[in-house]
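These notes are about the structure you will find just below.
Quick note: the coordinates plus some simple rules give every number you see, no bench work behind them. Since the structure is predicted, the reported quantities are computational estimates derived from the model, not experimental observations. Here the Cβ positions follow ideal geometry from the backbone for every residue, glycine too, while neighbour counts run over all protein chains shown.
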Amino acid sequence: MRSTRQRSGASSSSGVEQPPLPQLTVTCPPYHIIKPYSQPCHHNGCPRPAITSRVNFQPVFRTPTAVALSGAARQFSSSPIIRATYNQVRRGCRKGQRARRARSPAIKDHPAMKGVCVRTGITKPKKPNSGERKIARVRLSSGKVVTAIIPGEGHNIQQHSVVQVRGGRAQDCPGVKYTLVRGAMDLGGVGSRMTSRSKYGTKKPKTN
């Protein structure tokens, strides 16, 4: 601007009229390039709206309360559920779930199995429990040898006794995944049991 004034002054002193300089127009870059401001643009003729008017973000709340308040205003979901077509299912797009780990692998696909007692013993439970747990090593009819717990108070089995083994681990004895069935085969029931007698092979006591 300083050089322009000097030129204009020189031209007036010399008496030669200079052509006017072209007027420059300043424009702003697009909104996605410039940094958003909350005030309008300082250039004349280039109003920039405030950020609150340019960004119209309406959050969608899908809570039961918000859905009840919205009523009939919103009857659809903006996130569609992509389902497989029939031809895709025929071609095998779906994969089966992995089989769950067997809790009693030795008697898989059997509710119970017969076995022969190899030896009986006593083990101690893990912390914080204490006491003595009666266990037995049993050779199943399939040939596998497993460790089973003897439920109830007292038992009458010994080596070479025929017992029935079912699934069910002892919660406080690591490695014991099987339970002997009381009142089946050579293993008798608990004599003095009054409650849950069906689990311990106890007959109903006779009453006069």
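Within a straight-line Cα-Cα reach of under 19 Å, Lys126 can be paired with the following aspartates and glutamates, leaving aside sequence neighbours fewer than 8 residues apart in one chain: Asp172.
With bins 10 Å wide beginning at 0, the percent of Cα pairs of the stretch 107-199 falling in each bin runs 17, 51, 29, 3. Annotation: peptides 81-87, 152-158, ranked by per-residue average of other Cβ atoms within 10 Å with the highest first, follow the order 152-158, 81-87. For the cross-link pairs Lys144/Lys203; Lys127/Lys204; Lys127/Lys199; Lys124/Lys199, the ones whose C-alpha atoms lie over 29 Å apart are Lys144/Lys203; Lys127/Lys204. Here the residues Met194, Met113, Met185, ranked from fewest to most Cβ neighbours within 10 Å of their Cβ, fall in the order Met194, Met185, Met113.
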